Amino acid sequence: MRKDFVVLGFIGLIIAFLISGTKIQSVEEYYLTHVDDITPDAETVTLTILNDRAYAERDKIPPEIHPYLTADGVVLGKTTYVLRDGDTVFDVLNRATRHERIQMEYQGADLNIYNSIYIQGINYLYEFACGSLSGWMYSVNGEFPTKGVSQYAVKNGDDIIFRYTCNLGKDIGHDEFE
Amino acid sequence: MATVHAFRTLHPIILVLYVLGVSGIIFFINPVVSFFALMGASVYFSLLVGLPKLLREYGFYLWVGIWMILSYSMFTHNGKTPLFFLNDQAITYEATYKSIVLAVVVLAVSFWLKCYSLIFTSDKVLFLLTKLSTRLGLLCTLSIRFIPLCKAEFKAKQRVLKANGYYQTTSYTDRVVRWLKVYWYVITYTFEHVFLTSAIMRSKGYGYTKKRSHFHLFTFHKKDGWFLLSMLALSGCIVLWHQQYLFYYYPAIKPWAMTWYGATVVALYFLLPSLYEAKEVTQWHYLQSKM
């Protein structure tokens with residue numbers, strides 16, 4: 001009998017641990033994100049999200065995604081956001097997409113070997129939708145960093161662009177072997 | 001227990017063709033198609049083993065389905081309509097919908113396999129595979145035999161141990177641990193047993209010579225031809241109208257596009273074994289002499 005109580009206690013502990021690590025939010029709560037007001041002395045960055053390459057090669061993309069591809073290729077036009085201490089590219093993107101109610105899915109940093117968050121899809125456009133070499137890439141001030149989004153710390157005045165590529169970045173001006 | 005034996009006496013090749021068709025159609029992952037697949041399997045399974053057994057099986061598979069629904073919707077966040085956010089990731093209506101359909105598909109596949117494990121006996125497997133390779137045939141019959149053998153062995157061991165007072169303890173934990181010990185023992189025992197049989201078969205020379213003749217009772221009858229014809233007609237219609245069965249869930253669920261004749265054809269295909277049994281039963285009922 002004593003053994004039963006020990007086992008029961010252990011199971012209870014596991015359930016308590018799982019519940020303590022779970023955060024449930026309603027849709028309204030989730031999208032209610034505060035973006036700091038732009039003051040003259042605030043440090044700011046700009047963020048742009050483009051799917052123009054996907055729109056150009058849309059015949060390779062499943063038709064059910066077509067209604068969500070914007071014809072001008074702009075998901076989020078160049079917008080200025082206030083920088084907070086220790087912000088990475090991911091923090092800025094996450095805050096912006098939540099504020100603008102743009103759908104975004106990512107894989108957590110603990111789930112891959114690069115120890116960085118990986119952006120799987122933005123605005124229902126996911127990796128591999130436009131062939132096996134397609135997915136989201138980002139550039140800061142025109143350069144393509146060799147770091148993950150949650151490892152790149154941004155600084156005042158940075159210009160971040162997220163752009164969907166259909167060919168491993170070659171169609172958006174990035175060549176690894178340059 | 002109801003016993004039907006019209007469908008199971010068809011030619012093995014027909015049986016295989018039928019189940020290949022079933023697996024092909026199921027992979028449309030269309031809600032209506034998967035519902036009919038589960039329905040067809042359930043009806044035929046209940047004809048084979050009776051309704052109480054079917055309901056008992058559902059008692060277990062319901063939990064499998066719930067587990068699948070929870071885990072799939074927790075890990076897939078695509079979809080237009082978020083219901084709520086769990087640890088900053090969306091639990092969407094679309095993913096939940098797809099998880100339910102997937103659970104139904106898994107249940108349908110399991111029940112078709114259950115039906116086939118009852119009707120597709122080892123003589124049929126051997127008949128089909130020995131022409132390709134005797135070893136393959138042997139391997140397949142052995143692995144198919146493994147689970148029923150395991151079950152029977154487990155039940156027998158359980159009865160003996162219960163009578164010996166193996167489970168006489170007040171602690172639930174101890175009982176579970178002892179049960180698991182028996183379970184593990186039976187699996188390893190059956191494994192050994194199965195391979196021992198194969199060693200005996202090999203020592204008898206089975207599988208070494210191609211000249212060995214094989215006795216079987218399977219011939220192609222007129223009833224096989226009729227069944228094949230109806231099967232081909234239905235699957236031909238499905239191939240012809242495949243556009244309406246194609247389905248997508250993301251970003252938004254595909255609007256309803258299936259016609260009543262499309263749904264009927266699929267339902268008929270999955271109910272074909274049960275309908276065939278029903279036809280045989282009624283035919284025999286009227287053929288019996290009332291004198």
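The values are calculated or read from the model by the stated rules, or taken from the named source; none is laboratory data. Being a predicted model, the structure only gives us computed values, none of them experimental. Cβ atoms come from the backbone with ideal geometry, glycine included; neighbour counts cover every protein chain shown. Quick note on the areas: whole protein, heavy atoms, side chains included, nothing else; ligands and nucleic acids left out. Shrake-Rupley method; radii C 1.70, N 1.55, O 1.52, S 1.80 Å.
For every residue, the table says whether it meets (1) in a helix (DSSP H, G or I); (2) under 30 Å from B:LEU272 (Cβ atoms).
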site: B:PRO148; (1), (2): yes, yes
site: B:PHE154; (1), (2): yes, no
site: B:LEU180; (1), (2): yes, no
site: B:ILE187; (1), (2): yes, no
site: B:PHE191; (1), (2): yes, no
site: B:LEU196; (1), (2): yes, no
site: B:GLY205; (1), (2): no, no
Problem set entry | Qualifying residues in the range A:111-137 (those that are at pLDDT below 90 and of a type outside the set (Ser, Thr, Tyr)) - the one surrounded by the fewest Cβ atoms within 10 Å (Cβ to Cβ) | A:ILE113
For this session: Test each condition in (1) loosely packed, with under 15 Cβ neighbours inside 10 Å; (2) within 14 Å of chain A (Cβ to nearest Cβ); (3) β-branched (Val, Ile, Thr) for B:THR173 and report the one that comes out false.
Result: (1)
For this session: Those residues that are in a strand (DSSP E or B) and under 17 Å from A:GLY73 (Cβ atoms), I need them from the range A:85-125; list them, please.
Result: A:GLY121, A:ILE122, A:LEU125
Seminar exercise, completed: Here the residues within the range A:108-128 that are farther than 16 Å from A:ILE161 by Cα and more than 10 Å from every other protein chain (Cβ to nearest Cβ) are A:ALA109, A:ASP110, A:LEU111, A:ASN112, A:ILE113, A:TYR114, A:ASN115, A:SER116, A:ILE117, A:GLU127, A:PHE128
For this session: Quick one: B:TYR72 ticks every box in (1) free of Cβ contacts under 8 Å to residues at least 40 places away in the same chain; (2) closer than 21 Å to B:GLU277 by Cβ except a single one, so which number is it?
Result: (2)
Exercise. Does B:GLY24 satisfy the criteria of being under 29 Å from B:THR259 (Cβ atoms), open to solvent by less than 20 Å² (accessible area, probe 1.4 Å) and touching a helix residue (DSSP H, G or I) at 6+ places or on another chain (Cβ under 9 Å)?
Worked result: no
Exercise. Which of the following residues is touching a residue at least 60 places away in the same chain (Cβ under 8 Å), over 30 Å from A:ALA129 (Cα atoms) and either within 11 Å of chain B (Cβ to nearest Cβ) or open to solvent by less than 50 Å² (accessible area, probe 1.4 Å) (or both): A:VAL6, A:VAL35, A:VAL89?
Worked result: A:VAL35
